[in-house]
Amino acid sequence: MDFSKWIAHHISEPIFNDENDAFDRWVSRNIYASPFVEDGSMVNFQKELELINALTKIKFNTVLFKHEKHSLINYLVAENNEEYTKSILELYRLLIDSMEKCTIIKLAEFLNKSLTDDSKRLNSLKELLPTSIYNSIHNISRKRMPIHGIPSDGTVSYPAFETFNLDLLNLNTALMELKVWLEEKLNLCADSCKSRLESFAYFPKLDKRPRPEYKYDDAQKMIGKQISRVEFGEVEFKEDLHSREAIIIHFADG
């Protein structure tokens, strides 16, 4: 077999890093099928986005980030400035470009804070968020700003993987702080909100009014009612019915 076409990738005296946590995790998970492997910074980054979105979805019925994953954000395959630039650009698109202005406005209204210009997302975040959280998010925007045209120095050697991984770690810390801050301000638990949203997937989807029509109007009478007592348990067994549970709601006005 002719291997000459791969000669450009040949390293005569390779030097391997004795410590490579990412590779060790990959081997443990994919070779040894270990279920106890900690997630890397990329996965944790996406998890934090999901939890933050769960908080704002439950509170405001809108998400803060339009997208929680982006297929073009991957770990770099070459140690040069061009690869790093591409990754920062895609990270900016996921984190900054996908922010929903309407959610930021609703958050400001909830906090009773006025925004100087609600069309500018980063400026609005600066007026709402603690400085440490805002600075980490703005840092990605700052790195994105110079990315225009062809680089004057061309493609040069650069510790792209290490730098990008550090960017993700810093963002993870900022997003975790943002999640905790939102939990405190909104008086909600991110994990509970996420579980609640996941449970909604099993709810029936309604596409028509009930028949006869008056049943719909009767159901609307529950709005504004106060509940005085709740009964919840297994239904009395009957031969011709399967086992089931029921909930009985007692309203304060009888």
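Check each of the trypsin sites (Lys or Arg not before Pro) in the stretch 127-190 and keep only those in coil by DSSP with at most 11 other C-beta atoms within 10 angstrom; list them in order. Listed in order of number, the matching sites amount to none. Helix 41-60 and the long axis of the chain differ in direction by around 30°, with both axes built from C-alpha atoms. The trypsin sites (Lys or Arg not before Pro) of the stretch 79-127 meeting both criteria, a DSSP state outside H, G, I, E and B (loop) and at most 13 other C-beta atoms within 10 angstrom of the site's C-beta, are 113. The shape of the stretch 175-254 can be summarised by an equivalent ellipsoid whose semi-axes, obtained from the alpha carbon gyration tensor, come to 33, 20, 18 Å from longest to shortest. Seen through its C-alpha gyration tensor, with square-root eigenvalues sorted a ≥ b ≥ c, the stretch 119-254 comes out prolate because a/c lies at 1.5 or above while a/b is bigger than b/c. The C-alpha atoms of the chain define a longest principal axis, and helix 190-200 lies at about 60 degrees to it. Taking amide H positions as modeled 1.01 Å from N, with prolines and chain starts lacking one, the residues under 5 Å from residue 158 and 5 or more places away or on another chain are 80, 81.
Couplings 3J(HN,Hα) for the stretch 124-130, derived from phi with the Karplus relation 6.51 cos²θ - 1.76 cosθ + 1.60 (θ = phi - 60°), are 5, 4, 4, 7, 9, 8, x Hz, where x marks Gly and Pro. Computed from the Cα positions only, the extents of the chain along the three principal axes stand at 84, 57, 33 Å, in decreasing order. Taking the Cα atoms only, what angle lies between the long axis of helix 160-186 and the longest principal axis of the chain, rounded to 10 degrees? Approximately 20 degrees, to the nearest ten. In the chain, helices alone account for a calculated mean residue ellipticity at 222 nm of -14500 deg cm²/dmol, with every DSSP H run of four or more residues adding -39,500 (n - 2.57).
The GluC sites (Glu not before Pro) of the stretch 1-81 meeting both criteria, a DSSP state outside H, G, I, E and B (loop) and at most 12 other C-beta atoms within 10 angstrom of the site's C-beta, are 19, 38.
Along the stretch 22-35 the Karplus relation, 6.51 cos²θ - 1.76 cosθ + 1.60 evaluated at θ = phi - 60°, assigns HN-Hα couplings of 4, 5, 4, 5, 4, 4, 4, 7, 9, 9, 9, 6, 6, x Hz to successive residues, with x for each Gly and Pro. Under a GNM of the chain (C-alpha, springs under 10 Å), which listed residue has the highest mean-square fluctuation: 235, 77, 37? Result for the chain, Cα springs under 10 Å: 235 fluctuates most. Summing charges over neighbours of residue 61, with a neighbour being any other residue whose Cβ is under 14 Å away from its Cβ, gives +2 when K and R count +1 and D and E count -1. Amide H to amide H, with H built 1.01 Å from N, residue 99 comes under 5 Å of 66, counting only residues 5 or more places away or on other chains.
FYI, it's all coordinate maths here, none of it is from the lab. Not measured: the values here are computed from a predicted model. Backbone-built Cβ (ideal geometry, glycine too); neighbour counts: all protein chains shown.
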